[in-house]
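This report concerns only the one structure given below.
The values are calculated or read from the model by the stated rules, or taken from the named source; none is laboratory data. Predicted model, so just to flag it, every value in this text is computed and none were measured. All Cβ positions, even for glycine, are placed from backbone atoms using ideal geometry, and neighbour counts span all protein chains on display.
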Amino acid sequence: TGRMVVAVDGPSGSGKSSVCRAAATTLGAAYLDTGAMYRAATWYCLEQEVDLDDHKAVAVAVEELPLNISTNPDHQVITVGESDVTAAIRVALISEKVSQVATNPEARALLIAAQRAIIDREGFIVAEGRDITTVVAPDAQVRVLLTASAEARLRRRGAQLGGTQDDEALRRQVLDRDTKDSAASNFTVAADGVAVLDSSELSFQQTVDSLISRVQLAQ
Ligand code: C5P
């Protein structure tokens, strides 16, 4: 059928998003940032003043979430209703709150169903997140766990934020979120049949090339 799904999981700061976007561009594939969907859901809950501790209310909000996410790797635009939230979902408040939505089982089930629909619609797609290789698309032709040492991840996230953050705050932000997220899905150990790509000692382009060659081998 020509279907080619590339599933990539990894912790925050592993460089997943930039690596997957670049690989998708080179391959001519679509791209899905599932983390952006959890972020958009969180943005919507906050905008609707939903109490994030209220599981039922969060689930209801996610069910009616008017989300639109572009799958063009070169033009990422995420809208919720009429609002372009592309930048708003990246602020620290969302990063801090997103695990609360991501650990809500009903909200997760809804977002996972939406992700599967997008993957099915596209056919040739690089999809990245925390549970793509294991839950969303375990039947993907290419399944990769992109890892990097804590040091490498902290260094990259620091550079991404312009080096303005103090080290301790950054460490808390990156590593605490991993701890919170690991409650919802285990993305630190590769599941059966999932290849580990450790980028700690690789340049950005080497990491992208490694992912691309795995796809080409599977094609
Ligand atoms: O990848 P990113 O850091 O933008 O993801 C934001 C959050 O979304 C993660 O911290 C995690 O809580 C959640 N997430 C998830 N499952 C995914 C992708 C993201 O739980 N597949």
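Figures for the structure shown
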{"item": "Cβ pairs under 8 Å, 6+ apart, first in segment 97-120 and within 14 Å of ILE132 (Cβ to Cβ) and in contact (Cβ under 8 Å) with a residue 40 or more places away in the chain, second β-branched (Val, Ile, Thr) and part of a helix (DSSP H, G or I)", "result": "LEU111/THR34; LEU111/VAL62; GLN115/THR34; GLN115/ILE132; GLN115/VAL136; ILE119/VAL136"}
{"item": "Qualifying residue in segment 166-182 (condition: of a type in the set (Asp, Glu), in a loop (DSSP other than H, G, I, E, B) and closer than 27 Å to LEU27 by Cβ)", "result": "no"}
{"item": "Top-ranked residue in segment 177-199 [being on the phi < 0 side of the Ramachandran plot and either in contact with a Phe, Trp or Tyr (Cβ under 6 Å, 6 or more places away or on another chain) or surrounded by fewer than 13 Cβ atoms within 10 Å (Cβ to Cβ) (or both); ranked as modelled with the lowest pLDDT]", "result": "ALA183"}
{"item": "Checklist (1) among the charged types (D, E, K, R); (2) part of a helix (DSSP H, G or I); (3) farther than 19 Å from SER17 by Cα applied to ASP139, failing item", "result": "(2)"}
{"item": "Out of ILE118, ILE94, sole residue that is surrounded by 15 or more Cβ atoms within 10 Å (Cβ to Cβ) and either assigned to a strand (DSSP E or B) or within 12 Å of the ligand (Cβ to nearest atom) (or both)", "result": "ILE94"}
{"item": "Yes/no for ASP74 being over 21 Å from PRO11 (Cα atoms), away from the ligand (no atom under 12 Å from the Cβ), charged (D, E, K, R) and not in a helix (DSSP H, G or I)", "result": "yes"}
{"item": "Every residue from segment 23-67 that is part of a loop (DSSP other than H, G, I, E, B) and more than 17 Å from the chain's Cα centre (by Cα)", "result": "GLY28, GLN48, GLU49, VAL50, ASP51, LEU52, ASP53, ASP54, GLU64, LEU65, PRO66"}
